[in-house]
Amino acid sequence: MASKVTSAVMRQGLGVLGVAIRTEKAVFAIAVLASGLYGGMTVASAWALGWATENAVLPAFEKGDITSGVLWSATLLIMGTALLKSIGVAGRRIFAGVVQYRMQARSRRDVTKQYLRLPLSWHHQHPTGQLLSNASADAEAAWAPLAPLPMAVGVIVMLITAAIAMVFTDPALALVGFLIFPAIAVLNLIYQRKLSPLATRAQQLRAEVSEIAHESFDGALVVKTLGREALETERFQRRAHELRDANIAVGRVRGLFDPMLEALPTLGVLIVLAVGAMRLSSGSINSGELVQVAYLFTLLSFPIRALGWVLAELPRSVVGWTRVQAVLDASGSMEYGSAEPAGTRPASLQVDDVSYAYGDSEVLHGVSFDVAAGRTVALVGPTGSGKSTLTQLLVRLVDPAAGEVRLDGEDLRELAYGAIARSAALVPQQTFLFDDTVRGNVALGLDVTDEEVWAALRLAQADGFVARLADGLDTRVGERGTTLSGGQRQRVALARAIVRRPRLLILDDATSSVDPQVEAKILYGLRDSAESSTTVVVAYRMATIALADEVVFLERGRVADRGTHEELLARCEGYRNLVTAYEREESERAAIEADEQEGVSA
Amino acid sequence: MALQGVERTALATVRRGLSLTPEFRNGLIGTMALAVVATVGKIIVPIAVQQTIDTGIKGGKPDLSYIFGAVAICAVAVILTALAGYLMNVRLYKSTESSLATLRVRGFRHVHDLSVLTQNTERRGALVSRVTNDVDQISTFMQWGGLMIIVALGQLLVATVLMFIYSWQLTLLVWICFIPLMIALPRFQRLLSRAYTIVRERTGDMLAAVSESVVGAAVIRAYAAEGRTAERVDTSVDANRSAQIRAQTIVGFVFPLTEIVAALAIAGIVLLGVQLGLSGGISAGKLVAFLFLVTLFVSPLQIATEVLNEAQNAVAGWRRILGVLDTPPDVADPGEKGAELPRGPISVKFEDVHFAYPGGEPVLQEVTVEIPPRSRVAIVGETGSGKTTFAKLLTRLMDPAAGRVTIDGHDLREIRFSSLRERIVMVPQDGFLFDGTLADNIRYGRPSATDAEISLALTELGLADWVDGLPAALDTPVGQRGESLSAGERQLVALARAYLADPDLLLLDEATSAVDPATEVRLARALEGVTRGRTAVSIAHRLSTAENADEVLVFDAGRLVQRGAHADLVREEGVYAGLHASWISAAHS
């Protein structure tokens, strides 16, 4: 983690800022001009005060006379500089914000576009939490120094103006300034360097504390049913205490440097008074000038710290920018061809010698089978045999490492973008509903009438419960559909596929959370519906397998056998063991019980 | 049953919040005293300026020794106040961080102690932020905003006192200039707070839209819905940006107002001060000191809107975490007072048990049943018939509204959680896994288990081959929520975890619904643990489970309508016969 302000980080950080400046030239220029106005006017306001002291206040006390002209000029000067300074402050803050927030929004849009463009295999390699923070926290951090940047530029203007003003006023007093101000800047830089890694660590721990809470509350049922509340609290407490200690470490550094940074300019003013008194006695300056310099010190002590803020944000910015850039630079997007499938209803499907691997471990080895138009094929196999991966290949969520999948004789990779989705629909094992209405979730951007949505829901046996929802089709289902039960979510997801009247329907154990009775109704409904489609269904239940014309039996990522249910039952032992497990169990159990009886009697 | 939270005023909320964390009060008086000393440091410069002008350079000829003496004394004072500032900060950070860590951990524990019912009515994210963001907000306020209120008030007070000593007329003038601003500040704060609220809402919308593109990656691709999501993301990102810029614009306009008012006060001081000086009402040094003292009014008022905003957030944060802590865990652990039951064959009784969700229809009525030790029980019924409620009452995830559930003659409510959870374990349908290795997750069932014991358990369950086939066997990481494994594999791990816990009664809530039949049969047999005398209760989704049970409990519309062996029930006229017929037709059509 690049949390230290090294020169390499500095260079990179300035490079990042350069990108923003180039992108938002005009607005950034306005912010800098406004900040320059603020810087200049800060010095001018001290000068106005000194002028008023020398020309209006002191003469009145010393000589006892006042010219109203001088008094009004003083008033005008003071008010005028303050007004211009305020305009500068407002302009700087507003336009710096515009630059910062525009850049943030730009990064967020670009990153999300990449998420939508990159292939699913890329998503598999990156944890969800990381991708979400790339788009939120990292995009925020990358552009964070843009907020204090114009201010820092303004402060530089302010310092140069102040230096010139002081040199012209009195070189000796200027010398005090040249000692004190660089000292403040250096002290602040040391401060930020010490603080930065500690703050980064605290931030990191804050995220970890949050992650533990998230995971632990998500798994609340497991925690409760196993009675592990104390264990979880201990786990959380360990991290919470680390966070506490990290925050106290931050506090120590803050506690040390903040008072020092306040004391330093105060000491500066005192030195100015002492040195000024000597200069006054030697006649080099007048009292007004002394007041002016002392006042300048008071005004400058705070803004000068803005230089440190920019530097402090740079390492975080570089880290954020690098992470965002890594997403934007990610290649391996899915290439699309230009072909459209023949479009005859229903579709045909060929899987030809397909292999697929997650990282190093190959999960599918040379899988081949085909499904003639209008036929139903059941994919059967033990848990972990690669069925779900295979269904993903069939709709080109991922591309095979070797071999090809053909829809209507056309390699999926040759088809135009959207062509597969127009022909085929996959209902995955893991249901995902969008935080949208029931209608929005079923239609998913497709232009369909309410009647069509209801018809799809009816076929998915979901019309009943949707009709009973408070707002019917307009009911929002909540984040990931949390307001619905597992079985209800599955049926809405099924309706999403049905409403598209796909020519190829792929069901990946898509009714596992649905009651067997309801499941049967769904399957019959699908079979008897007027829309003829080719169907691939992942199943264990005999009811489902019975609907299939052919069975493909997968074992450890290979097609172990294929044929009708009866054929496989007769010749494939693995298949027989799997699908007749329940029947066999009964007889075996009887045998075991008989054994036990024997054991007892023996 | 939602979180309750007692209605309180802001002050009462803070007082109650602080009373929960004694660490904060320890040494608070010392910290406050140091804060006062640190604040006094702010008026050193105006006093030094006044002394230099009035006494040091009176009559044109500076009295250098006097000035040097004054400056030296002031310098010592500055260093002392800085030291006070350091000590105050360290003490403040220690006490606030310690107290907030306590609050965080208490809140976390309390969320786990709340009933499943309460947990489920709250959004997960909302619960998490009660122990994270809400506490952070309090922490920011205590270490910055709250401190600033003390410092700012102290600063205004000492400045005013000193001003009053110098000239009451000019003091009045300064206050007249600043009072309208002070009156207007709460109004600005409300404006700003509304703007920030909108920013927060828009940020929430944006994060939801962005997360859709990540979490829903597969569905989006399968249905070519990229355009729809991209549009949603663009709209929400832009709305968020506009809200941020709007809030920043309000800050941009409000922030410099103080400078303008200060300039007005300074001009007024010069105008009025000169008149006063002519009549001998004030010295030149005092007048100049006033110009410095006015700057002490600027920073407190400039940050006032932000401080007020933070104060409001902190009170809201306290309210939310108190909302958790004030909600009594309606399914409470009797703790020390509770009974500790010996392990061994378990006997369960439901005595006229009723249950209804708060404000809802009864979902379970008049359930009276006994589950003898060592029995295999299947629970069947249609969705919504009450079988899951029955399971939750049996595991005491909820308490009955009327009647009682006993094990070995003890009411569940009188049994220590540690003892109850050891004897009865439920495996829910969704096999939730923690982000860690396979071994970590299985060991969760019994933290003291050795690797050898875990391997033995897997062998007994017939899962050893499956584990060996994984890339890193037991050390295979399962990913967040176990998402690197398939749904069936997650269920296998969840089962192994419960098996390792080795309870006297194991309750399976469709815990193998995504597992292949051969594995399921193997697991069922191992889990029933016939030889050990374990009781096994299964919510059945397959005919075979019911067929193999010693006893089947049939639920319909919240009532236990039939019970008995499969063979007997199937011959009876009733709900079970109907269910059975539909199973058969589903299996053999």
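The values are calculated or read from the model by the stated rules, or taken from the named source; none is laboratory data. Owing to the predicted nature of the structure, the values given are computational and were not obtained by experimental measurement. Neighbour counts are summed over all protein chains in view; Cβ atoms, including those assigned to glycine, are modelled from backbone coordinates with ideal geometry. Each accessible area value is taken on the protein alone, full model and side chains, heavy atoms only, with ligands, DNA and RNA left out. Shrake-Rupley method; radii C 1.70, N 1.55, O 1.52, S 1.80 Å.
When each of A:ALA274, A:ALA230, A:ALA246, A:ALA240 is tested for being closer than 26 Å to A:PRO303 by Cβ and in the same structural domain as A:THR298 (by TED's automatic domain parsing), the lone residue that passes is A:ALA274. Taking the conditions (1) open to solvent by less than 20 Å² (accessible area, probe 1.4 Å); (2) within 12 Å of chain B (Cβ to nearest Cβ); (3) more than 23 Å from B:ALA487 (Cβ to Cβ) in turn, A:GLY464 satisfies each one other than (1). Given the condition under 15 Å from A:VAL537 (Cβ atoms), modelled with pLDDT of 85 or more, open to solvent by 30 Å² or more (accessible area, probe 1.4 Å) and assigned by TED's automatic domain parsing to the domain that holds A:THR544, answer yes or no: does some residue in segment A:381-390 qualify? Checked against the condition, which is being under 15 Å from A:VAL537 (Cβ atoms), modelled with pLDDT of 85 or more, open to solvent by 30 Å² or more (accessible area, probe 1.4 Å) and assigned by TED's automatic domain parsing to the domain that holds A:THR544, segment A:381-390 yields at least one hit. If only residues of segment B:521-575 that are without any contact (Cβ under 8 Å) to a residue 12 or more places away in the chain and of a type in the set (Asp, Glu) are counted, the one that is most open to solvent (accessible area, probe 1.4 Å) is B:GLU573.
Tallying residues that are under 56 Å from the mean Cα position of the chain (by Cα), touching a residue at least 24 places away in the same chain (Cβ under 8 Å) and closer than 29 Å to A:PRO59 by Cβ within segment B:35-90 yields 10.
Taking the conditions exactly as written (closer than 24 Å to B:GLY216 by Cα, among the aliphatic types (A, V, I, L, M), in contact with a helix residue (DSSP H, G or I) (Cβ under 9 Å, 6 or more places away or on another chain) and assigned by TED's automatic domain parsing to the domain that holds A:LEU394), does A:LEU484 satisfy them or not? Judged against the criteria, A:LEU484 is a match.
Just a yes or no: is a residue in segment B:433-443 assigned to a loop (DSSP other than H, G, I, E, B) and open to solvent by 20 Å² or more (accessible area, probe 1.4 Å)? Within segment B:433-443 (the criterion being assigned to a loop (DSSP other than H, G, I, E, B) and open to solvent by 20 Å² or more (accessible area, probe 1.4 Å)), the answer is yes, since at least one residue qualifies.
Look at B:ARG25 and say whether it is modelled with pLDDT under 85, among the basic types (Lys, Arg), more than 30 Å from B:PHE355 (Cα to Cα) and open to solvent by 20 Å² or more (accessible area, probe 1.4 Å). Yes: the conditions hold for B:ARG25.
Checked against the criterion of being at negative phi, modelled with pLDDT under 85 and open to solvent by 50 Å² or more (accessible area, probe 1.4 Å), the candidates A:THR322, A:THR344 yield just one match: A:THR344.
Return the residues of segment B:189-230 that are open to solvent by 50 Å² or more (accessible area, probe 1.4 Å), under 30 Å from B:ALA159 (Cα atoms) and of a type outside the set (Lys, Arg); say none if nothing qualifies. If the condition is that a residue be open to solvent by 50 Å² or more (accessible area, probe 1.4 Å), under 30 Å from B:ALA159 (Cα atoms) and of a type outside the set (Lys, Arg), then B:LEU191 is the only one that fits. Among the residues of segment B:404-445, the ones that are more than 9 Å from chain A (Cβ to nearest Cβ) and closer than 14 Å to B:LEU500 by Cβ come to 6 in all. Among residues of segment A:441-456 being small (Gly, Ala, Ser) and buried (at least 19 other Cβ atoms within 10 Å of the Cβ), the one that is farthest from the other protein chains (Cβ to nearest Cβ) is A:ALA456.
For every residue, the table says whether it meets (1) small (Gly, Ala, Ser); (2) modelled with pLDDT of 90 or more.
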position	(1), (2)
B:GLY268	yes, yes
B:LEU293	no, no
B:SER299	yes, no
B:LEU308	no, no
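Scanning segment A:305-318 for residues that are open to solvent by less than 30 Å² (accessible area, probe 1.4 Å) and of a type in the set (A, V, I, L, M, F, W, C) yields a count of 5. Answer yes or no: is there a residue in segment B:191-210 that is over 33 Å from the mean Cα position of the chain (by Cα) and part of a helix (DSSP H, G or I). Within segment B:191-210 (the criterion being over 33 Å from the mean Cα position of the chain (by Cα) and part of a helix (DSSP H, G or I)), the answer is no, since none of the residues qualifies. When B:VAL324, B:VAL353, B:VAL307 are screened for being open to solvent by less than 30 Å² (accessible area, probe 1.4 Å), touching a Gly at 6+ places or on another chain (Cβ under 7 Å), within 30 Å of B:ARG421 (Cβ to Cβ) and not assigned by TED's automatic domain parsing to the domain that holds B:LEU114, only B:VAL353 passes.
Residues of segment A:509-518 being open to solvent by less than 10 Å² (accessible area, probe 1.4 Å) and either facing another protein chain (nearest Cβ under 9 Å) or not in a loop (DSSP other than H, G, I, E, B) (or both), which ones?
A:VAL514 - this is the single residue of segment A:509-518 that is open to solvent by less than 10 Å² (accessible area, probe 1.4 Å) and either facing another protein chain (nearest Cβ under 9 Å) or not in a loop (DSSP other than H, G, I, E, B) (or both).
For A:ALA543, state whether it is of a type in the set (A, V, I, L, M) and assigned to a loop (DSSP other than H, G, I, E, B). No; evaluated as a whole, the condition is false for this residue. Could you please let me know if B:THR450 is hydroxyl-bearing (Ser, Thr, Tyr) and under 19 Å from A:LEU226 (Cβ atoms)? Yes; evaluated as a whole, the condition is true for this residue.
Please work out which residue is most open to solvent (accessible area, probe 1.4 Å), limiting yourself to segment A:262-279 and to residues that are among the β-branched types (Val, Ile, Thr) and at the interface with another protein chain (Cβ under 7 Å from one of its Cβ atoms). My answer is A:THR266. Counting only helices (runs of 4 or more DSSP H) that sit completely within segment A:1-118, those holding 2 or more residues that are buried (at least 23 other Cβ atoms within 10 Å of the Cβ), basic (Lys, Arg) and in contact with a Ser or Thr (Cβ under 9 Å, 6 or more places away or on another chain) correspond to A:68-117. From B:GLY273, B:GLY252, B:GLY280, B:GLY268, grab the single residue that is outside any helix (DSSP H, G or I) and either under 30 Å from the mean Cα position of the chain (by Cα) or not polar (S, T, N, Q) (or both). Matching residue, one of B:GLY273, B:GLY252, B:GLY280, B:GLY268: B:GLY280. Just need a number here: residues in segment A:378-434 that are part of a strand (DSSP E or B), within 11 Å of chain B (Cβ to nearest Cβ) and more than 25 Å from A:GLU340 (Cβ to Cβ). Result for segment A:378-434: 1.
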